[in-house]
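Asks: What follows is a structure written as structure tokens; I'll ask about it next.
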Amino acid sequence: SSKLEEDFVPSASGDVDTADTEAPRDLLASRPKKRTPTGSHQKSSVMPSLPEDTAVNPPIRQCVEYVGPDTYSPQPELKWLQDILAQGEAAQSKKISVSVDALQQMHLSHMVAKLQKREQEQLARRGGAVTGSSQQGPMQRSRLQGISIQFLVDEFEKELEWCFPDDYHATETFYDLSRMIWGDRSHPIDLLGHASVADEETGKLGVSLSSAVAREFPEAAGTATVFVSHAWSCRIKDFLAALREYCDSYELDMSRTFVWACFFCTNQIHGRPKGEPGSLAEVNTIIGSVGTVLCVLHDFRVGSAVYLRRSWFLYEVFIAAKQGIGIDAALLGPSRDALKQMTMSEIDKSVVVDWQQARATISPDKQEIDEFIGAGHDEFNEIVHQALVIALGKVSKRG
């Protein structure tokens with residue numbers, strides 16, 4: 001065991017290329033001290049997924065296999081690597097940077113594994129399903145229908161200008177637009193013809209905007225490939241610009257990238273029928289079926305982050321992280337430029353998640369999510385925080 005403990009800390013040699021980025025002796029001396037592994041000394045059958053070409057040092061991988069993800073958390077190693085990058089001593093070595101990325105993902109996997117283990121224990125004690133988190137059956141294809149980013153970027157604003165020639169301006173937010181369209185739900189404005197089409201399930205006039213797009217512009221609708229989590233307080237023009245930049249950054253075909261966003265893809269005329277169960281379960285299933293979550297943020301910095309003060313957005317990130325689904329971020333306006341100048345350590349300190357301070361427009365929604373989280377606020381906050389830091393880190397590195 002002494003060999004394991006000796007090798008447990010990251011080394012500036014080995015996988016990290018030190019030919020042009022050698023860590024100074026004082027930083028080497030500051031590496032995290034050895035820790036005694038706890039728990040069963042058997043290889044875990046569950047191993048955090050790590051790319052083979054990353055610069056994670058073999059001793060770290062060895063320790064994870066030895067201890068298992070339920071008892072191992074790489075926070076000391078992660079902090080050591082972040083300190084090197086923050087001080088500039090490693091000249092932004094790509095290999096060390098990749099080590100930070102991999103360790104962050106490992107840390108998130110560790111937290112999710114702990115949570116899932118606790119839920120399984122609760123399930124065994126109760127002999128029933130874990131509230132709000134159980135896997136749902138297949139969802140109707142129509143519920144997963146999205147709108148292409150190409151249509152939103154090229155045509156949606158034109159439709160708004162045509163429908164509201166005197167009222168739609170570049171400063172309009174989704175809240176403004178919702179009042180313009182559905183301010184009087186008994187007589188909604190027939191944008192894209194959505195108010196004059198009968199709903200297949202209820203027979204009532206009025207469908208989602210995505211359903212109307214599928215009817216009038218079939219090529220602009222398809223099974224969603226990206227679940228978009230965003231605040232209705234953001235300006236429509238900024239939102240569309242963020243979607244375009246996201247596609248450009250990841251080299252996605254805008255005509256084949258279909259987004260699911262609540263504003264467009266839920267029936268805003270009739271809403272959710274009273275007493276309909278499983279709003280959380282439905283969101284869980286949609287996120288799991290779509291497979292990628294894109295967080296569109298005004299800002300991420302403490303004090304300015306509207307996104308981080310909204311219950312639904314935090315819940316959506318949590319569910320994606322818990323299901324192991326990819327989480328990306330797109331930023332609006334000046335915050336995007338600020339992010340690109342920040343180190344991972346600075347990003348980590350800037351993102352503050354506090355579920356108890358979050359709010360929902362509809363109070364029962366907040367209560368329902370509260371019941372789902374139960375007493376696990378700290379776990380919830382930590383998982384959402386880590387997931388967002390990783391997503392923002394990807395944006396920062398793409399420049």
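Asks: Being β-branched (Val, Ile, Thr), farther than 27 Å from Leu240 by Cα, free of Cβ contacts under 8 Å to residues at least 60 places away in the same chain and open to solvent by less than 30 Å² (accessible area, probe 1.4 Å) is the requirement here; does Ile373 meet it?
Replies: yes
Asks: Specify which of the listed residues (Lys94, Lys114) is open to solvent by 70 Å² or more (accessible area, probe 1.4 Å), among the basic types (Lys, Arg) and modelled with pLDDT of 75 or more.
Replies: Lys114
So that you can scan it fast, the table gives a plain yes or no per residue for (1) under 30 Å from His107 (Cβ atoms); (2) out of contact with any strand residue (DSSP E or B) (no Cβ under 9 Å at 6 or more places or on another chain); (3) buried (at least 19 other Cβ atoms within 10 Å of the Cβ):
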{"residue": "Pro218", "(1), (2), (3)": "no, yes, no"}
{"residue": "Phe258", "(1), (2), (3)": "no, no, yes"}
{"residue": "His270", "(1), (2), (3)": "no, yes, no"}
{"residue": "Ser289", "(1), (2), (3)": "yes, no, no"}
{"residue": "Val296", "(1), (2), (3)": "yes, no, yes"}
{"residue": "Arg309", "(1), (2), (3)": "yes, no, no"}
{"residue": "Leu314", "(1), (2), (3)": "yes, yes, yes"}
{"residue": "Ile325", "(1), (2), (3)": "yes, no, no"}
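Asks: Does the range 221-230 contain at least one residue that is of a type in the set (Phe, Trp, Tyr) and surrounded by fewer than 18 Cβ atoms within 10 Å (Cβ to Cβ)?
Replies: No: zero hits.
Asks: Something else now. Within the bounds of the range 164-177, is there any residue that is more than 30 Å from Ser304 (Cβ to Cβ), open to solvent by 40 Å² or more (accessible area, probe 1.4 Å) and not aliphatic (A, V, I, L, M)?
Replies: Scanning the range 164-177, I find at least one residue that is more than 30 Å from Ser304 (Cβ to Cβ), open to solvent by 40 Å² or more (accessible area, probe 1.4 Å) and not aliphatic (A, V, I, L, M), so the answer is yes.
Asks: Oh, and also: Hey, Asp337 hits all of (1) open to solvent by 40 Å² or more (accessible area, probe 1.4 Å); (2) touching a residue at least 40 places away in the same chain (Cβ under 8 Å); (3) farther than 22 Å from Ser109 by Cα; (4) of a type in the set (D, E, K, R) but one; which does it fall short on?
Replies: Of (1) open to solvent by 40 Å² or more (accessible area, probe 1.4 Å); (2) touching a residue at least 40 places away in the same chain (Cβ under 8 Å); (3) farther than 22 Å from Ser109 by Cα; (4) of a type in the set (D, E, K, R), only one is false for Asp337: (2).
Asks: Tell me whether the range 181-201 contains one or more residues that are closer than 22 Å to Ile286 by Cβ and open to solvent by 80 Å² or more (accessible area, probe 1.4 Å).
Replies: yes
The values are calculated or read from the model by the stated rules, or taken from the named source; none is laboratory data. These numbers come from a predicted model, not from an experiment. So basically every Cβ, Gly included, is an ideal-geometry build from the backbone, and we count neighbours across all protein chains shown. Each accessible area value is taken on the protein alone, full model and side chains, heavy atoms only, with ligands, DNA and RNA left out. Shrake-Rupley method; radii C 1.70, N 1.55, O 1.52, S 1.80 Å.
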